[in-house]
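Throughout, read-outs are computed from the coordinates displayed, never taken from laboratory work. In this text the structure is predicted, and so the values were computed from the model without any measurement. Please note: Cβ atoms are built from the backbone with ideal geometry, for glycine as well, and neighbour counts cover all protein chains shown.
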Amino acid sequence: MSDRIPADSVGVITPHQQIFETPVKLLCGRTLPRIELMYETYGELNAARSNAVLVCHALSGHHHAAGLHAVDDDRPGWWDSAIGPGKPIDTNLFYVVSLNNIGGCHGSTGPRSINPETGRAFGPDFPMVTVRDWVATQAMLADALDVRRWAAVIGGSLGGMQAMQWAIDHPDRVAHAVLIAAASRLSAQNIAFNEIARQAIVSDPDFDGGRYLDAAHNPARGLMVARMIGHVTYLSDDGLRDKFGREIKSGDLATASDVQFQVESYLHHQGRSFSQYFDANTYLLMTRALDQFDPARDFGDDLVAALRTARSDFLVIAFTSDWRFSPARSKEIVDALIAARRNVVSAVVDTPHGHDAFLLPVPRYFKILRAYMVHVAARMAVQG
């Protein structure tokens, strides 16, 4: 391995594309005639095919969860701190699969894909997708990889919701479900924030009713504002204060002349960067799927009944400063799991990093995740 690549990295990774030529019917009633899924794998599948772990991405995530795409790459995968040799999700023990969901904008079938009926990008005509659709297509990928049962399905935020849905929809195919900074459904406040972000996008003159690709436009201003709104909700007041306080980036506060605070500069940078690589129609799709997630709906609005179908064990982690997906939401899941007589381990980690803590190597959080995954590996060895 190159000296530039850390010893605990999975190294240089080549993404894979899995094509399914059979039609996929979605819950909205529409059918995609074929789909493509981009995915990456880390570690080796054992002879018993029992050590596979699925990592589900959150709102703006994708298949590149760990490692590098080139030796000189300075952008490792979005969860590189957690996945690799000796890391909490240890690739010496597990075969880790990470994919980009349908509706995404990183190579899987989505709004930027060509609609075979029109010969141009789907754009706003791409069908509505749900968490259950994602789980169904992830199961198709598992079949293609000859993985009959996941040792664990893991996700943070919207990824944790997918892990929960896996346990409900495919109880015989999940041994452990790890739900980090997740909820069983969104609060009205969360839905409101998502709608404000969507309105920022659709109000951008360059959105062109979702046909911006045809016009060679990009609703960058709307995407920038949407990301800024979302990003603030992923952080905490204490975290922002500790990182930025009221520090001035430029201008003269005494004369109120061209003043820009450090936090403003940071948000502008985050928003501009996001607007250059993420697709606006995908953002609309993903946030709507997030809003509509509610596994209890199919069980008479009874979360206990929904989770009673699961056979997996659960790990549920929350963060004290996460007000977007607060510890109270995780407690609702834990209480329902206990009432459903499921095995569950839960923890609330004290950190100032807000919702984004699930992406960060917070020491206590990683200690808990590592210990649980060692437990998963031990159970896997006993069960063969």
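Key figures for this structure:
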quantity	calculated
Backbone N under 12 Å from the residue 302 label point (7 Å along Cα→Cβ), restricted to the range 308-348	308-309, 340
Sequence of 50, 275, 187 once ranked by neighbouring C-beta atoms within 10 Å, starting from the fewest	187, 50, 275
Selection of trypsin sites (Lys or Arg not before Pro), the range 30-129, meeting DSSP coil and at most 16 other Cβ within 10 Å	30, 34, 49
Spatial separation of Cα centroids for the range 184-199 and the range 134-154, in angstrom	29 Å
Amide proton proximity set for residue 65, modelled H, under 5 Å, gap of 5+	78
222 nm mean residue ellipticity, helices alone, for the chain (DSSP H n ≥ 4; -39,500 (n - 2.57); rounded to 500)	-11000 deg cm²/dmol
Long-range HN-HN contacts of residue 344 with modeled amide H, under 5 Å	314
Residue among 13, 201, 333 with the largest mean-square fluctuation in a Gaussian network model of the chain, springs linking Cα atoms under 10 Å	13
Set of the range 18-41 residues, backbone N closer than 15 Å to the point 7 Å along the Cα-Cβ line of residue 73	38-41
Global form of the chain, assessed from the alpha-carbon gyration tensor, a/c cut-off 1.5	rounded
Listed peptides 202-209, 56-63, 368-375 by packing density, highest first (mean Cβ within 10 Å)	56-63, 368-375, 202-209
Rounded Å value of the spacing that divides the Cα centres of the range 322-344 and the range 1-38	30 Å
Amide H partners (placed H, <5 Å) of residue 150, local residues excluded	174, 175
Extended-chain gain in nm, criterion 0.36 nm per residue less alpha-carbon gap, residue 21 and residue 331	107.4 nm
Net charge over other residues, Cβ less than 12 angstrom from the Cβ of residue 349 (K, R count +1; D, E count -1)	0
